[in-house]
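Report on the following structure.
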């Protein structure tokens, strides 16, 4: 168990940051760094003068150039059967949740007399 040098709380693996052997949370590390240099991490967009006006068409062209089209899908029969059985089993909880929502809605509407 490691403790953050900035806030004193436990540091998990996903948010761990280390600087010269001292362990921080990622958010605490940026705060510690800004405290040390005496500045905030911000950018004033008004200071930027040479912004190129890019049209939507150029973005569309770039997106189209990076798009992928699937032409064929090859999967063995029994693997497809197993996949479809797993898919149908996984849909059961979703069906039960939708059924519960429907029953609660109908009971609520009936209770308030909006449904006869």
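Every number in this text was worked out from the coordinates using simple rules, so none of it is lab data. These numbers were taken from a predicted model, which means no experiment stands behind them. Every residue, glycine as well, gets a Cβ built from its backbone with ideal geometry; the counts of neighbours run over all protein chains shown.
Provide the FRET efficiency to the nearest 0.05 for the residue 72-residue 94 pair, computing r from the beta carbons and using R0 = 22 Å. Plugging the Cβ-Cβ distance into 1/(1 + (r/R0)^6) gives 0.15.
Just so you know, the Rg over Rh for the range 75-116 is 1.40, from Cα atoms, with Rh as the Kirkwood radius.
Taking 0.36 nm per residue of separation and subtracting the current Cα-Cα distance, fully stretching the chain between residue 3 and residue 19 would add 4.4 nm.
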